[in-house]
1. Testing the spin-label approximation: label points 7 Å from Cα along Cα→Cβ at E34 and A102. State their distance in nm.
2. Using a/c under 1.5 as the rounded threshold, could you call region 4-199 rounded, prolate or oblate? The axes a ≥ b ≥ c are square roots of the C-alpha gyration tensor eigenvalues, and prolate needs a/b larger than b/c, oblate otherwise.
3. Calculate one ³J(HN,Hα) per residue across region 87-102 by plugging θ = phi - 60° into the Karplus curve 6.51 cos²θ - 1.76 cosθ + 1.60, and present them in order as whole Hz with x for glycine and proline.
4. Taking other Cβ within 10 Å of each residue's Cβ, how do E144, E127 sort, fewest first?
5. Can you compute the FRET efficiency between R131 and K60 using 1/(1 + (r/R0)^6), with r the Cβ-Cβ distance and R0 = 25 Å? Round to the nearest 0.05.
6. Which whole-number percent is the relative contact order of the chain (Cα, under 8 Å, 6+ apart)?
7. Among all stretches of the chain without exposed trypsin sites (Lys or Arg not before Pro) (DSSP loop, at most 15 other Cβ atoms within 10 Å), which one is longest?
8. In which sequence would I8, I21 go, from the one with the fewest C-beta neighbours within 10 Å to the one with the most?
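Bear in mind these aren't lab numbers, they're just calculated from the coordinates by the rules spelled out. From a predicted model like this one, the values you see are computed outputs, not experimental measurements. So basically every Cβ, Gly included, is an ideal-geometry build from the backbone, and we count neighbours across all protein chains shown.
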Amino acid sequence: MIQKTLYITRHGQTDLNKQGIVQGRGRDTDLNDEGRRQANQFYEAYKDVPFDKIYVSALKRTQQSVQQFIDLGIPYQKLSGLDELAWGVHEGQAATPDTKAAFLQLMRDWLDGKLDEKFEGGESPNEVKERQLKALETIMSHPEEKTVLICMHGRALRLLMCVLTNQPLTQMDNFPHQNLVLYKVTYDGATFTIAEANNAKHLKND
């Protein structure tokens, strides 16, 4: 029977996060000073956890967030299935009343169950779920990896939590997050259970 503990975290802060600008899958940004500080705080809190494997998205801000664990010699793998949802034409754009209204309408559509809706050039929740299922298949296909660290992205994390807990994607907003918070999920061979949700205890202010 496969049993696993998944430590799932969102990447640290980037300048676009700080500015409130949507990044998405098409913006391969670096952590800023605050993001590196958060990464260090997360490392100090969890460096003694015996991780067997690390999985990150194909975007460098996730690897940068867990690089200190990788530097310990823990094997890691990039999975594009863990990438952030693509927001298409709105990625990297400053917020305006029009774009805010467009995002609000899209969120309403998703909550109403219109999960194929997306911005031009972007992805829908259903499309993200499909690639997440492939990534999850890879992660779960290694029974020897008992304790796994996964670093991904905000909206994608919300969708993955729905997938793991077998909830409809319309429930995505039930999973709050901020930069480098932790969701700890256990798998007993049949069911995923959230052991810790939105844990930010490690992000103490110095």
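1. Taking the two extended label points, one gets 2.6 nm.
2. oblate
3. Values per residue, Gly and Pro as x: 9, x, 4, 8, 5, x, 8, 5, 6, 10, x, 5, 5, 4, 5, 5 Hz.
4. Listed from fewest to most nearby Cβ atoms, that is E144, E127.
5. Result of the calculation: an efficiency of 0.85.
6. Once normalised by length, the contact order is 33 percent.
7. 48-113
8. I21, I8
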